[in-house]
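Okay, structure first, notes after.
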Amino acid sequence: MAMAFSAPGLARRIPYTRSPLLFCIRKARLQSSVAIRFAAESGILCKEEDKDCISFALRRKEEIERTDSSIPQWKTLSSEDVGIDTSMISKPTRLVLNGLRKQGYEVYLVGGCVRDLVLRRIPKDFDIITSAQLKEVRKIFTRSLIVGKRFPICHVYVLNTIIEVSSFSTSGSRNGFNNYITKPSNLNEPDYIRWKNCSQRDFTINSLMYDPYKKIVYDYLGAMEDIRKSKVRTIKPANLSFTEDCARILRAGRILMEMNYMLAFGSAEASLRLLWRFGLLEILLPIQASYFVSQGFRRRDASSNMLLILLSNLDKFVAPNRPCHSSLWIALLAFHKALVDQPQDPVVVAAFSLAVHSGGSLYEAIEIAQNISQPHASFHEIVESNHKESDYSLLEQVVDLAVSVDAVICKMTNKQYVSQAMIKYPQAPWSDLVFIPQALSMRVRAIFGCVRSNERGPIPKRSRTINHDSLAMGILPEVRHVFARIVFDTVFPRKQNGQFNNVEPTKR
(Lines give C-alpha, C1' and ligand atoms only; values in the text may rest on other atoms or scores of the structure.)
Protein backbone atom coordinates (compact mmCIF):
# COMPACT_ATOMS: atom_id res chain seq x y z
CA MET A 1 0.00 0.00 0.00
CA ALA A 2 1.06 3.59 -0.43
CA MET A 3 2.23 5.36 2.69
CA ALA A 4 0.18 8.28 3.90
CA PHE A 5 0.27 10.55 6.91
CA SER A 6 -1.68 13.58 7.99
CA ALA A 7 0.04 16.94 7.74
CA PRO A 8 -1.94 19.39 9.87
CA GLY A 9 -0.41 22.48 8.29
CA LEU A 10 -0.97 21.39 4.69
CA ALA A 11 -4.20 23.19 4.18
CA ARG A 12 -2.89 26.30 5.84
CA ARG A 13 0.87 26.47 5.83
CA ILE A 14 2.95 23.93 3.97
CA PRO A 15 6.68 24.12 4.70
CA TYR A 16 8.49 24.93 1.47
CA THR A 17 10.00 21.56 0.80
CA ARG A 18 9.76 20.09 -2.64
CA SER A 19 8.58 16.87 -1.06
CA PRO A 20 7.04 15.99 2.34
CA LEU A 21 8.65 14.49 5.34
CA LEU A 22 9.40 10.78 5.51
CA PHE A 23 12.55 8.93 6.39
CA CYS A 24 15.06 7.37 4.02
CA ILE A 25 18.69 8.42 4.50
CA ARG A 26 21.34 5.85 3.70
CA LYS A 27 23.72 7.09 6.37
CA ALA A 28 21.27 6.44 9.17
CA ARG A 29 21.59 3.42 11.38
CA LEU A 30 20.85 2.46 14.94
CA GLN A 31 23.72 1.85 17.30
CA SER A 32 22.72 -1.79 17.51
CA SER A 33 22.37 -3.94 14.39
CA VAL A 34 19.00 -2.39 13.64
CA ALA A 35 18.57 -0.54 10.36
CA ILE A 36 15.69 1.79 9.65
CA ARG A 37 13.66 0.73 6.63
CA PHE A 38 10.13 0.90 5.43
CA ALA A 39 7.95 -2.14 5.74
CA ALA A 40 5.27 -2.00 3.10
CA GLU A 41 2.36 -2.36 5.45
CA SER A 42 3.34 -0.39 8.52
CA GLY A 43 6.70 1.35 8.19
CA ILE A 44 8.00 -0.36 11.35
CA LEU A 45 11.62 -0.85 12.38
CA CYS A 46 13.03 -4.17 11.15
CA LYS A 47 16.18 -5.93 12.24
CA GLU A 48 18.75 -6.06 9.50
CA GLU A 49 18.86 -9.84 9.52
CA ASP A 50 15.08 -10.06 9.43
CA LYS A 51 14.32 -9.45 5.77
CA ASP A 52 10.88 -11.08 5.80
CA CYS A 53 8.95 -7.85 6.12
CA ILE A 54 10.73 -6.38 3.11
CA SER A 55 10.53 -9.47 0.90
CA PHE A 56 6.88 -9.86 1.80
CA ALA A 57 6.23 -6.35 0.48
CA LEU A 58 8.06 -7.10 -2.75
CA ARG A 59 6.13 -10.35 -3.29
CA ARG A 60 2.91 -8.42 -2.96
CA LYS A 61 3.73 -5.76 -5.52
CA GLU A 62 1.44 -7.33 -8.14
CA GLU A 63 -1.60 -7.14 -5.92
CA ILE A 64 -0.93 -3.78 -4.32
CA GLU A 65 -3.33 -1.13 -5.54
CA ARG A 66 -5.05 -3.55 -7.92
CA THR A 67 -7.06 -4.85 -5.00
CA ASP A 68 -7.55 -1.40 -3.55
CA SER A 69 -11.19 -0.42 -3.97
CA SER A 70 -10.46 3.15 -2.87
CA ILE A 71 -8.64 4.16 -6.08
CA PRO A 72 -9.73 7.77 -6.71
CA GLN A 73 -11.64 8.71 -9.85
CA TRP A 74 -9.71 11.08 -12.08
CA LYS A 75 -11.23 14.42 -12.98
CA THR A 76 -10.64 17.77 -14.60
CA LEU A 77 -11.37 20.95 -12.72
CA SER A 78 -11.75 24.57 -13.67
CA SER A 79 -8.77 26.52 -12.37
CA GLU A 80 -11.14 29.33 -11.46
CA ASP A 81 -13.29 26.96 -9.40
CA VAL A 82 -10.29 25.76 -7.38
CA GLY A 83 -9.21 29.35 -6.81
CA ILE A 84 -6.00 29.59 -8.86
CA ASP A 85 -4.92 33.20 -9.26
CA THR A 86 -2.83 33.49 -12.43
CA SER A 87 -1.22 36.69 -11.12
CA MET A 88 0.75 34.41 -8.76
CA ILE A 89 2.56 32.91 -11.77
CA SER A 90 5.90 34.68 -12.06
CA LYS A 91 6.75 36.79 -15.12
CA PRO A 92 9.74 34.59 -16.14
CA THR A 93 7.46 31.54 -16.01
CA ARG A 94 4.84 33.25 -18.19
CA LEU A 95 7.49 34.20 -20.73
CA VAL A 96 8.62 30.57 -21.04
CA LEU A 97 5.03 29.29 -21.23
CA ASN A 98 4.18 31.83 -23.93
CA GLY A 99 7.36 31.11 -25.89
CA LEU A 100 6.57 27.40 -26.10
CA ARG A 101 2.86 27.95 -26.72
CA LYS A 102 3.54 30.30 -29.66
CA GLN A 103 5.53 27.54 -31.32
CA GLY A 104 2.53 25.24 -31.15
CA TYR A 105 3.61 23.06 -28.22
CA GLU A 106 1.45 21.97 -25.31
CA VAL A 107 2.60 23.42 -22.00
CA TYR A 108 1.58 22.72 -18.42
CA LEU A 109 2.60 23.72 -14.95
CA VAL A 110 3.17 20.60 -12.90
CA GLY A 111 4.09 19.43 -9.43
CA GLY A 112 4.38 21.40 -6.21
CA CYS A 113 3.77 24.77 -7.84
CA VAL A 114 0.23 23.70 -8.81
CA ARG A 115 -0.36 22.46 -5.28
CA ASP A 116 0.74 25.84 -3.93
CA LEU A 117 -1.44 27.76 -6.40
CA VAL A 118 -4.43 25.69 -5.27
CA LEU A 119 -3.55 26.58 -1.68
CA ARG A 120 -3.32 30.24 -2.73
CA ARG A 121 0.35 30.41 -1.87
CA ILE A 122 3.04 31.97 -4.01
CA PRO A 123 5.14 29.07 -5.32
CA LYS A 124 8.84 29.19 -4.61
CA ASP A 125 9.54 28.05 -8.15
CA PHE A 126 7.67 26.75 -11.18
CA ASP A 127 8.14 23.52 -13.14
CA ILE A 128 6.95 23.33 -16.73
CA ILE A 129 6.35 20.22 -18.81
CA THR A 130 5.87 20.41 -22.56
CA SER A 131 5.23 18.30 -25.63
CA ALA A 132 8.38 19.80 -27.16
CA GLN A 133 11.58 17.81 -27.00
CA LEU A 134 14.34 19.37 -24.95
CA LYS A 135 16.47 20.10 -28.02
CA GLU A 136 13.51 22.06 -29.40
CA VAL A 137 13.25 23.99 -26.13
CA ARG A 138 16.89 24.96 -26.56
CA LYS A 139 16.22 26.26 -30.08
CA ILE A 140 13.42 28.50 -28.78
CA PHE A 141 15.40 29.84 -25.81
CA THR A 142 19.03 30.56 -26.64
CA ARG A 143 19.92 31.10 -22.99
CA SER A 144 19.19 27.55 -21.92
CA LEU A 145 21.05 24.41 -20.94
CA ILE A 146 20.07 20.73 -20.82
CA VAL A 147 21.22 19.20 -17.53
CA GLY A 148 21.05 15.73 -16.01
CA LYS A 149 21.74 12.38 -17.59
CA ARG A 150 19.31 10.16 -15.74
CA PHE A 151 16.48 12.71 -15.62
CA PRO A 152 17.31 15.36 -18.25
CA ILE A 153 15.62 18.74 -17.99
CA CYS A 154 16.26 22.10 -19.60
CA HIS A 155 17.22 25.13 -17.52
CA VAL A 156 15.89 28.24 -19.24
CA TYR A 157 17.44 31.50 -18.07
CA VAL A 158 14.93 34.36 -18.08
CA LEU A 159 15.19 37.65 -16.18
CA ASN A 160 17.87 36.33 -13.82
CA THR A 161 15.68 33.32 -13.03
CA ILE A 162 16.06 29.64 -13.90
CA ILE A 163 12.87 27.96 -15.09
CA GLU A 164 13.00 24.15 -15.21
CA VAL A 165 11.38 22.66 -18.31
CA SER A 166 10.89 18.92 -18.76
CA SER A 167 9.54 17.06 -21.76
CA PHE A 168 6.92 14.33 -22.00
CA SER A 169 9.36 12.54 -24.32
CA THR A 170 12.03 12.17 -21.60
CA SER A 171 9.97 12.17 -18.41
CA GLY A 172 8.10 9.10 -19.67
CA SER A 173 11.17 6.96 -19.00
CA ARG A 174 11.65 8.06 -15.42
CA ASN A 175 11.97 5.10 -13.09
CA GLY A 176 10.16 2.89 -15.60
CA PHE A 177 6.41 2.57 -15.85
CA ASN A 178 4.41 2.63 -12.63
CA ASN A 179 2.77 -0.81 -12.39
CA TYR A 180 1.44 -0.14 -8.90
CA ILE A 181 -1.60 1.88 -9.85
CA THR A 182 -4.43 0.88 -12.13
CA LYS A 183 -4.87 2.77 -15.36
CA PRO A 184 -8.33 4.35 -15.54
CA SER A 185 -10.45 2.84 -18.28
CA ASN A 186 -11.79 6.05 -19.77
CA LEU A 187 -8.54 7.78 -20.81
CA ASN A 188 -8.05 9.08 -24.32
CA GLU A 189 -4.51 9.39 -25.72
CA PRO A 190 -3.74 12.92 -24.41
CA ASP A 191 -5.12 12.01 -20.99
CA TYR A 192 -3.11 8.79 -20.97
CA ILE A 193 0.11 10.74 -21.62
CA ARG A 194 -0.68 13.16 -18.80
CA TRP A 195 -1.79 10.39 -16.44
CA LYS A 196 1.36 8.37 -17.13
CA ASN A 197 3.55 11.36 -16.24
CA CYS A 198 1.58 12.15 -13.10
CA SER A 199 1.67 8.53 -11.92
CA GLN A 200 5.49 8.58 -11.95
CA ARG A 201 5.72 11.36 -9.40
CA ASP A 202 6.42 10.90 -5.73
CA PHE A 203 3.36 12.08 -3.79
CA THR A 204 -0.24 12.56 -4.86
CA ILE A 205 -0.29 16.23 -3.83
CA ASN A 206 2.54 16.81 -6.32
CA SER A 207 0.73 15.06 -9.19
CA LEU A 208 -1.54 17.90 -10.32
CA MET A 209 -1.11 19.26 -13.84
CA TYR A 210 -2.38 22.70 -14.86
CA ASP A 211 -3.03 24.09 -18.35
CA PRO A 212 -3.00 27.88 -17.85
CA TYR A 213 -4.46 28.51 -21.34
CA LYS A 214 -7.43 26.15 -21.13
CA LYS A 215 -7.68 26.97 -17.42
CA ILE A 216 -7.96 23.29 -16.51
CA VAL A 217 -6.42 21.39 -13.59
CA TYR A 218 -5.93 17.67 -14.24
CA ASP A 219 -6.22 15.48 -11.14
CA TYR A 220 -5.64 11.83 -12.01
CA LEU A 221 -4.65 10.52 -8.57
CA GLY A 222 -6.89 12.15 -5.99
CA ALA A 223 -4.54 15.03 -5.21
CA MET A 224 -7.29 17.54 -4.49
CA GLU A 225 -8.92 15.20 -1.99
CA ASP A 226 -5.59 14.62 -0.25
CA ILE A 227 -4.96 18.37 -0.10
CA ARG A 228 -8.42 18.85 1.39
CA LYS A 229 -7.70 16.17 4.00
CA SER A 230 -4.16 17.49 4.65
CA LYS A 231 -2.82 14.06 3.72
CA VAL A 232 0.59 13.29 2.22
CA ARG A 233 0.44 9.98 0.31
CA THR A 234 3.02 8.20 -1.79
CA ILE A 235 1.88 7.10 -5.23
CA LYS A 236 3.88 3.89 -5.30
CA PRO A 237 4.13 1.56 -2.30
CA ALA A 238 6.26 3.44 0.22
CA ASN A 239 9.05 0.89 0.51
CA LEU A 240 9.52 0.82 -3.26
CA SER A 241 9.15 4.56 -3.67
CA PHE A 242 11.92 5.29 -1.20
CA THR A 243 14.13 2.46 -2.39
CA GLU A 244 13.83 3.83 -5.89
CA ASP A 245 14.73 7.36 -4.75
CA CYS A 246 16.08 7.29 -1.21
CA ALA A 247 16.18 11.08 -1.06
CA ARG A 248 12.58 11.78 -2.00
CA ILE A 249 12.12 13.38 1.38
CA LEU A 250 15.01 15.64 0.37
CA ARG A 251 14.69 15.72 -3.39
CA ALA A 252 17.66 14.30 -5.35
CA GLY A 253 19.82 14.30 -2.19
CA ARG A 254 20.33 18.05 -2.28
CA ILE A 255 20.12 18.19 1.47
CA LEU A 256 21.37 21.73 2.08
CA MET A 257 19.07 23.06 -0.62
CA GLU A 258 16.09 21.20 0.78
CA MET A 259 16.88 22.25 4.33
CA ASN A 260 16.96 25.80 3.04
CA TYR A 261 13.52 25.31 1.47
CA MET A 262 12.25 24.29 4.89
CA LEU A 263 13.93 26.92 7.03
CA ALA A 264 14.43 30.02 4.86
CA PHE A 265 11.02 30.57 3.27
CA GLY A 266 8.72 31.29 6.22
CA SER A 267 7.95 27.82 7.59
CA ALA A 268 11.00 27.11 9.73
CA GLU A 269 9.11 26.44 12.96
CA ALA A 270 6.52 24.18 11.30
CA SER A 271 9.24 22.33 9.40
CA LEU A 272 11.29 21.64 12.53
CA ARG A 273 8.19 20.35 14.32
CA LEU A 274 7.45 17.98 11.42
CA LEU A 275 11.05 16.79 11.24
CA TRP A 276 10.86 16.00 14.94
CA ARG A 277 7.41 14.43 14.73
CA PHE A 278 8.39 12.00 12.00
CA GLY A 279 11.82 11.09 13.35
CA LEU A 280 13.90 12.95 10.78
CA LEU A 281 15.45 15.56 13.05
CA GLU A 282 17.76 12.94 14.57
CA ILE A 283 19.17 12.29 11.11
CA LEU A 284 19.34 15.76 9.62
CA LEU A 285 19.98 17.90 12.70
CA PRO A 286 21.02 15.53 15.51
CA ILE A 287 22.41 18.41 17.59
CA GLN A 288 18.99 20.04 17.68
CA ALA A 289 17.28 16.67 18.18
CA SER A 290 19.40 16.14 21.29
CA TYR A 291 18.09 19.44 22.62
CA PHE A 292 14.48 18.36 22.03
CA VAL A 293 15.09 15.10 23.89
CA SER A 294 16.82 16.87 26.79
CA GLN A 295 13.79 19.16 27.12
CA GLY A 296 11.41 16.21 27.28
CA PHE A 297 9.78 17.46 24.08
CA ARG A 298 7.29 14.90 22.78
CA ARG A 299 6.77 14.09 19.11
CA ARG A 300 3.38 15.77 18.95
CA ASP A 301 4.09 18.38 21.61
CA ALA A 302 2.13 21.56 20.94
CA SER A 303 4.16 23.62 23.40
CA SER A 304 7.28 25.53 22.47
CA ASN A 305 10.88 26.14 23.48
CA MET A 306 13.54 28.74 22.77
CA LEU A 307 14.71 27.12 19.53
CA LEU A 308 11.20 26.96 18.10
CA ILE A 309 10.51 30.55 19.12
CA LEU A 310 13.74 31.70 17.44
CA LEU A 311 12.57 30.02 14.23
CA SER A 312 9.05 31.35 14.64
CA ASN A 313 10.47 34.87 14.83
CA LEU A 314 12.60 34.14 11.77
CA ASP A 315 9.40 33.15 9.93
CA LYS A 316 7.98 36.63 10.58
CA PHE A 317 10.73 38.25 8.52
CA VAL A 318 10.71 35.93 5.50
CA ALA A 319 8.20 34.45 3.06
CA PRO A 320 8.12 32.14 0.01
CA ASN A 321 8.89 35.10 -2.24
CA ARG A 322 11.25 36.76 0.26
CA PRO A 323 13.62 34.11 1.64
CA CYS A 324 16.75 34.61 3.69
CA HIS A 325 20.24 33.32 2.99
CA SER A 326 21.03 29.97 4.59
CA SER A 327 23.74 31.64 6.70
CA LEU A 328 21.02 33.26 8.84
CA TRP A 329 19.22 30.11 9.99
CA ILE A 330 22.53 28.30 10.49
CA ALA A 331 23.68 31.24 12.63
CA LEU A 332 20.52 30.95 14.73
CA LEU A 333 21.04 27.20 15.24
CA ALA A 334 24.67 27.76 16.29
CA PHE A 335 23.77 30.67 18.59
CA HIS A 336 21.11 28.61 20.30
CA LYS A 337 23.40 25.62 20.75
CA ALA A 338 25.98 27.89 22.41
CA LEU A 339 23.29 29.00 24.88
CA VAL A 340 22.28 25.41 25.55
CA ASP A 341 25.89 24.52 26.37
CA GLN A 342 26.37 27.63 28.52
CA PRO A 343 23.25 29.58 29.56
CA GLN A 344 23.75 33.34 29.62
CA ASP A 345 22.47 36.41 31.42
CA PRO A 346 19.85 38.27 29.35
CA VAL A 347 22.03 41.41 29.44
CA VAL A 348 24.89 39.43 27.87
CA VAL A 349 22.59 38.09 25.15
CA ALA A 350 21.21 41.56 24.47
CA ALA A 351 24.68 43.10 24.30
CA PHE A 352 25.87 40.28 22.06
CA SER A 353 23.08 40.74 19.52
CA LEU A 354 23.48 44.53 19.56
CA ALA A 355 27.20 44.14 19.00
CA VAL A 356 26.51 41.82 16.07
CA HIS A 357 24.19 44.42 14.60
CA SER A 358 26.61 47.29 15.09
CA GLY A 359 29.54 45.39 13.64
CA GLY A 360 31.50 45.04 16.88
CA SER A 361 30.80 48.16 18.93
CA LEU A 362 30.86 46.32 22.26
CA TYR A 363 30.86 49.14 24.83
CA GLU A 364 27.95 50.90 23.12
CA ALA A 365 26.09 47.61 22.96
CA ILE A 366 26.71 46.93 26.65
CA GLU A 367 25.54 50.42 27.61
CA ILE A 368 22.27 49.98 25.73
CA ALA A 369 21.73 46.43 27.04
CA GLN A 370 22.15 47.53 30.67
CA ASN A 371 19.36 50.08 30.24
CA ILE A 372 16.77 47.62 29.01
CA SER A 373 13.88 47.67 31.47
CA GLN A 374 11.56 45.22 29.76
CA PRO A 375 11.30 41.76 31.39
CA HIS A 376 12.97 38.95 29.51
CA ALA A 377 11.36 35.70 28.44
CA SER A 378 11.85 32.62 30.59
CA PHE A 379 14.02 29.92 29.03
CA HIS A 380 16.41 27.32 30.39
CA GLU A 381 19.05 28.95 28.20
CA ILE A 382 18.66 32.35 29.91
CA VAL A 383 19.88 32.65 33.51
CA GLU A 384 19.78 36.04 35.19
CA SER A 385 22.81 36.98 37.29
CA ASN A 386 22.33 37.67 41.00
CA HIS A 387 24.63 40.68 40.97
CA LYS A 388 25.43 43.60 38.71
CA GLU A 389 28.37 42.93 36.45
CA SER A 390 31.03 45.50 35.60
CA ASP A 391 31.30 46.71 32.02
CA TYR A 392 34.57 44.86 31.60
CA SER A 393 33.10 41.64 32.96
CA LEU A 394 30.14 41.93 30.58
CA LEU A 395 32.51 42.59 27.69
CA GLU A 396 34.43 39.42 28.48
CA GLN A 397 31.20 37.42 28.65
CA VAL A 398 29.98 38.81 25.33
CA VAL A 399 33.28 37.94 23.64
CA ASP A 400 33.20 34.49 25.25
CA LEU A 401 29.72 33.93 23.85
CA ALA A 402 30.94 34.90 20.38
CA VAL A 403 33.84 32.44 20.73
CA SER A 404 31.39 29.73 21.83
CA VAL A 405 29.12 30.36 18.84
CA ASP A 406 32.13 30.19 16.54
CA ALA A 407 33.17 26.88 18.09
CA VAL A 408 29.67 25.46 17.57
CA ILE A 409 29.73 26.44 13.89
CA CYS A 410 32.99 24.53 13.49
CA LYS A 411 31.51 21.53 15.31
CA MET A 412 28.47 21.53 13.02
CA THR A 413 30.82 20.73 10.12
CA ASN A 414 32.65 18.00 12.05
CA LYS A 415 31.32 14.48 11.41
CA GLN A 416 32.79 13.09 14.60
CA TYR A 417 31.08 15.73 16.73
CA VAL A 418 27.75 15.38 14.91
CA SER A 419 27.85 11.59 15.30
CA GLN A 420 28.11 11.98 19.08
CA ALA A 421 25.20 14.39 19.43
CA MET A 422 22.69 11.67 20.37
CA ILE A 423 25.11 9.38 22.20
CA LYS A 424 23.19 9.79 25.47
CA TYR A 425 20.16 8.24 23.81
CA PRO A 426 21.21 4.77 22.55
CA GLN A 427 17.78 3.96 21.13
CA ALA A 428 17.94 6.92 18.74
CA PRO A 429 19.13 6.65 15.13
CA TRP A 430 22.81 7.34 14.54
CA SER A 431 23.85 9.98 12.03
CA ASP A 432 27.05 11.76 11.09
CA LEU A 433 25.38 13.73 8.32
CA VAL A 434 27.12 17.04 7.63
CA PHE A 435 25.58 19.15 4.87
CA ILE A 436 27.13 22.56 5.65
CA PRO A 437 30.12 23.11 3.33
CA GLN A 438 33.21 24.85 4.63
CA ALA A 439 32.65 27.93 2.47
CA LEU A 440 29.20 28.43 3.98
CA SER A 441 30.46 27.87 7.52
CA MET A 442 33.01 30.63 6.94
CA ARG A 443 30.21 32.99 5.93
CA VAL A 444 28.33 32.15 9.11
CA ARG A 445 31.43 32.67 11.24
CA ALA A 446 31.88 36.10 9.62
CA ILE A 447 28.55 37.19 11.10
CA PHE A 448 30.04 36.99 14.61
CA GLY A 449 33.67 37.73 13.76
CA CYS A 450 33.35 41.41 14.64
CA VAL A 451 32.30 40.52 18.21
CA ARG A 452 34.84 37.76 18.61
CA SER A 453 37.70 40.06 17.66
CA ASN A 454 36.20 43.14 19.35
CA GLU A 455 36.86 45.13 16.18
CA ARG A 456 34.49 47.18 14.10
CA GLY A 457 33.50 45.45 10.92
CA PRO A 458 31.60 46.80 7.89
CA ILE A 459 29.38 49.83 8.38
CA PRO A 460 26.22 48.57 10.12
CA LYS A 461 22.76 48.86 8.64
CA ARG A 462 21.11 52.17 9.54
CA SER A 463 17.56 51.63 8.34
CA ARG A 464 15.18 49.36 10.22
CA THR A 465 13.51 48.39 6.94
CA ILE A 466 14.62 44.97 5.72
CA ASN A 467 16.13 44.76 2.25
CA HIS A 468 14.95 41.31 1.25
CA ASP A 469 17.17 41.11 -1.81
CA SER A 470 20.22 41.72 0.37
CA LEU A 471 18.97 39.23 2.95
CA ALA A 472 18.51 36.55 0.29
CA MET A 473 22.04 37.14 -0.99
CA GLY A 474 23.52 37.00 2.50
CA ILE A 475 24.84 40.57 2.54
CA LEU A 476 26.53 40.79 5.93
CA PRO A 477 24.97 43.99 7.41
CA GLU A 478 21.49 42.79 6.43
CA VAL A 479 21.97 39.32 7.91
CA ARG A 480 23.37 40.84 11.11
CA HIS A 481 20.46 43.25 11.33
CA VAL A 482 17.80 40.53 11.04
CA PHE A 483 19.73 38.20 13.36
CA ALA A 484 19.75 40.88 16.07
CA ARG A 485 16.03 41.55 15.68
CA ILE A 486 15.18 37.85 15.88
CA VAL A 487 17.22 37.43 19.07
CA PHE A 488 15.60 40.50 20.65
CA ASP A 489 12.12 39.39 19.69
CA THR A 490 12.85 36.04 21.33
CA VAL A 491 14.53 37.14 24.56
CA PHE A 492 12.59 40.38 24.94
CA PRO A 493 9.24 39.68 23.24
CA ARG A 494 7.72 42.47 21.20
CA LYS A 495 5.20 44.78 22.76
CA GLN A 496 1.76 45.26 21.28
CA ASN A 497 2.78 48.40 19.40
CA GLY A 498 5.30 46.39 17.39
CA GLN A 499 8.26 48.48 18.49
CA PHE A 500 11.68 46.84 18.69
CA ASN A 501 11.35 46.38 22.45
CA ASN A 502 12.10 50.08 22.98
CA VAL A 503 15.71 49.35 22.02
CA GLU A 504 17.28 50.93 18.98
CA PRO A 505 20.35 49.13 17.65
CA THR A 506 23.52 51.17 17.79
CA LYS A 507 23.86 53.64 14.94
CA ARG A 508 26.94 55.36 13.62
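For the residue pair M473 and N386, what label-to-label distance in nm results when each label sits 7 Å from Cα along the Cα-to-beta-carbon direction?
Modelled inter-label distance: 5.2 nm.
May I ask you to compute the full-extension gain from T76 to N186, defined as 0.36 nm times their residue separation minus their alpha-carbon distance, rounded to one decimal in nm?
This chain segment gains 38.3 nm when fully extended.
Extending each Cα 7 Å along its Cβ direction at R228 and Q420, get the distance between those two points in nm, one decimal.
In this crude label model, R228 to Q420 measures out at 5.4 nm.
Taking the Cα centre of the stretch 350-473 as the origin and placing charges on Cβ (Lys, Arg +1; Asp, Glu -1), which of L394, T413, S358 is farthest toward the positive end of the dipole?
Farthest towards the positive end: T413.
In terms of solvent-accessible area of protein heavy atoms at a 1.4 angstrom probe, what is the ranking of L187, L354, highest value first?
Putting L187, L354 in descending order of accessible area: L187, L354.
Rolling a 1.4 Å sphere over the protein heavy atoms, what is the accessible area per residue of the stretch 341-395, to the nearest Å²?
Result: 47 Å² of accessible area for each residue.
Find, among the GluC sites (Glu not before Pro) in the stretch 311-406, those assigned to loop by DSSP (not H, G, I, E, B) with at most 15 other beta-carbon atoms within 10 angstrom.
Listed in order of number, the matching sites are E384.
Please go through the residue pairs K124/K183; K91/K236; K139/K196; K196/K316 and name each one whose alpha carbons sit more than 30 Å apart in this structure.
Exceeds cut-off: K124/K183; K91/K236; K196/K316.
Scan around S79 for amide H atoms under 5 Å from its own, H built in the peptide plane at 1.01 Å from N, and keep only partners 5 or more places away or cross-chain.
Excluding prolines and chain starts, which carry no amide H, the hits are I216, V217.
Once you place label points 7 Å from the Cα toward the Cβ at K215 and K102, how far apart are they in nm?
2.3
Share of the stretch 330-462's accessible area from carbon and sulfur, percent, 1.4 Å?
The C+S portion of the solvent-accessible surface of the stretch 330-462 is 52 percent.
Kirkwood-based Rg over Rh for the stretch 317-460 (C-alpha set), two decimals?
1.00
Quick check: net charge around N186, other residues with Cβ under 14 Å of its Cβ, Lys/Arg +1 and Asp/Glu -1? All intermediate terms of the calculation are to be shown ahead of the outcome.
Details: positive: K75, K183, R194; negative: E189, D191.
Counting the neighbours of N186, the net charge comes to +1.
To the nearest 10 square angstrom, how much accessible area does H380 have with a 1.4 angstrom probe?
About 140 Å², ignoring ligands and nucleic acids.
Say R0 is 22 Å: what FRET efficiency, to the nearest 0.05, do A377 and K316 get from their beta-carbon distance?
In this case the efficiency is close to 0.90.
The values are calculated or read from the model by the stated rules, or taken from the named source; none is laboratory data. On a predicted model such as this, the values are computed, not experimentally measured, just so you know. Reconstructed Cβ throughout: ideal geometry from the backbone, glycine too, with neighbour counts over all protein chains shown. With ligands, DNA and RNA removed, areas are computed over all heavy atoms of the protein, side chains included. Shrake-Rupley method; radii C 1.70, N 1.55, O 1.52, S 1.80 Å.
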